[in-house]
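A short worksheet on the structure shown next.
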Amino acid sequence: MKLLLTGARVIDPAQKIDAKMDVLVENGKIAKIGTGPFSTAKTKDAGKIKIIDLTDMIICPGLIDMHTHLREPGQEYKETVASGAKAAVAGGFSSIACMPNTDPINDNRSITEFVKRKAVEANLANVYPIGAISRQSAGEQLTEFWDLKEAGIVALSDDGKPVMDAALMRHALEYGHSLSLPIISHCEDTNLSAGGLMNEGYYSTILGLGGIPVSAEEVMVSRDILIAEFTRTGIHIAHVSTEGSVRLIREAKKRGLKVTAETAPHYFTLTDESLQTYNTSLKVNPPLRSAEDIKAIKEGLADGTLDAIASDHAPHARTDKELEFEYAANGISGLETSLALSLRLVNDGVLTWPELIAKMSTNPAQILNLPKGTIAAGADADITVIDPQLKWTVDVKTFYSKGKNSPFHGWEMKGKAILTIVGGEIKYALPSLNL
Ligand code: DOR
C-alpha cells in the first residue's frame with residue numbers, strides 16, 4: 001500500500017528537519033519526504049495512493065520505548081506480548097524493547113526466540129527482547145551473551161534487580177562491549193533499599209512506611225560509572241529518579257565517558273507526597289521522589305544529561321495491586337500515558353518538540369543500535385502522528401494493556417498519538433479518523 005501523509009509539521013531530529021512537509025510511504029519504506037514532487041504523485045497515482053490529510057498534526061519517526069515489561073512467558077494474566085504490543089501502538093510506539101524479568105527469565109535463546117515469535121504473530125509493534133545479564137537474574141553467573149545476541153536480543157539487563165556483584169558487572173561490561181551489546185543497569189543497592197516501600201524522607205516518616213534512600217540508587221550509579229570508566233566501555237542507566245544520579249551522570253558525560261541514561265514520566269510528574277493516599281498504583285521501584293528530584297530530572301532532560309524517556313511500563317493485575325501497601329507489586333502501566341505526560345514537558349517549556357522526539361525515538365534507537373528513529377528516505381516506514389491539541393481523559397478501562405495500574409486515571413491530558421504506522425502499515429488509528 002502507498003500512503004501519502006500531507007499537511008503536517010514533520011519533525012525528524014536525525015535529519016534536523018522541523019518543517020511542513022509531505023511523506024510518501026511505499027513498500028514499507030519511506031519513499032520520499034519533502035515538498036516538491038508530491039503534487040504530481042497526488043494527481044498521477046491518486047487512485048492507488050491513500051492520501052491522509054494531517055493538517056495541524058505532527059509527524060515524527062515512530063516512537064521507541066526502550067524499557068517495557070511484557071509478562072509473557074509466565075504471567076500472561078498481567079500482559080502478553082500481543083496485549084503489550086497493542087498498548088504500544090495505541091500509545092504511539094512503533095517499537096518497544098522488553099525487559100527479561102518474565103517467568104522464566106529471558107536468560108537463554110529459547111525464551112528470546114519465543115518472545116520474538118509471539119511478536120511476529122501479534123504483528124503490531126516491533127518488539128526487541130533484552131536478555132538477562134545473569135542466569136535467572138540471580139546476579140551470580142553471566143548468561144551466554146553471544147547465544148542471546150544470535151537469538152536476537154538488543155541489550156542486556158537484570159532490570160527489576162540490580163547486579164550487586166561489582167566484579168560480575170565488570171565482566172558483563174567487558175563481554176557486552178566486545179559484542180556491541182549495551183548493558184542497562186537497574187541501579188539499586190539492595191542493602192540500602194532493604195525493607196523500603198517508598199522514598200525515604202518526610203513522607204515515609206509520617207506515613208510510617210519503610211524508606212528507600214536516594215543513596216540506594218546513587219551509590220550504584222556511581223559504581224557503574226566507575227566500572228564503565230576503568231573498563232573503557234559504556235553503560236546505560238535505567239529509570240533515573242534522583243537529583244544525585246542526574247549530577248553523577250552529568251559529570252561522567254562531561255569527562256567524556258560513554259554513559260547514557262533514561263528516566264520515566266512518573267519521575268518528572270509525581271512526588272512522594274502523593275503517597276499520602278496509600279494508593280498502590282503509586283508504588284514503583286525506584287520510588288517516586290521529592291520536588292527537588294523532579295526539578296533536577298527536568299534540568300537533566302533539558303541539558304541532555306538524560307538521553308531518553310522510557311515508559312518503564314510495568315503492568316500488574318488487580319490481585320497484585322489491591323493489597324496492603326507493603327504487599328502490593330511495584331510498577332505503573334505506562335505505555336498509554338507516556339507520550340501525553342512527556343508532552344507536558346513541551347507545553348511547560350522544558351523541552352522543544354525536536355528534543356522530545358529525540359528522547360523518545362532518535363536517542364533510544366542510537367543507544368540500542370536499532371536501524372530506526374528516523375524517517376529519512378529509504379528508512380523503514382515507522383511513523384507516529386501526534387495531535388498536539390487533542391484533549392482527552394485517561395481512563396484505564398480503555399487501556400489496551402491488561403495492566404490497569406495507573407495513578408493517572410482521570411487525569412486531563414493534551415496531546416495524543418492518533419496514528420501509528422509500522423513498516424508502512426497502519427497499526428493504530430484513532431477511531432474518529434475513519435481510516
Ligand atoms: O516498578 C517496577 N516494576 N520496577 C522495576 O524495576 C520492575 C518493574 C516490574 O517488572 O514490575
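Miscellaneous remarks
- Taken over region 79-99, residues that are out of contact with any helix residue (DSSP H, G or I) (no Cβ under 7 Å at 6 or more places or on another chain) and over 23 Å from A429 (Cβ atoms) amount to 2.
- Candidate set from region 367-423 (those that are within 19 Å of the chain's Cα centre (by Cα) and surrounded by fewer than 16 Cβ atoms within 10 Å (Cβ to Cβ)); member that is nearest to L124 (Cα to Cα): P371
- Positions within region 185-215 being at positive phi and of a type outside the set (G, A, S), in sequence order: none
- Of the residues making up region 195-216, none is acidic (D, E) and in contact (Cβ under 8 Å) with a residue 60 or more places away in the chain.
- Looking across region 257-283, the residues that are of a type outside the set (D, E), more than 13 Å from the ligand (Cβ to nearest atom) and over 19 Å from the mean Cα position of the chain (by Cα) come down to L257, K258, T271, S274, L275, Q276, T277, Y278, N279.
- Condition broken by G196, with the remaining ones in (1) under 24 Å from T68 (Cβ atoms); (2) within 16 Å of the ligand (Cβ to nearest atom) satisfied: (1)
Each value in this text was obtained by applying a stated rule to the coordinates, not by laboratory testing. Owing to the predicted nature of the structure, the values given are computational and were not obtained by experimental measurement. All Cβ positions, even for glycine, are placed from backbone atoms using ideal geometry, and neighbour counts span all protein chains on display.
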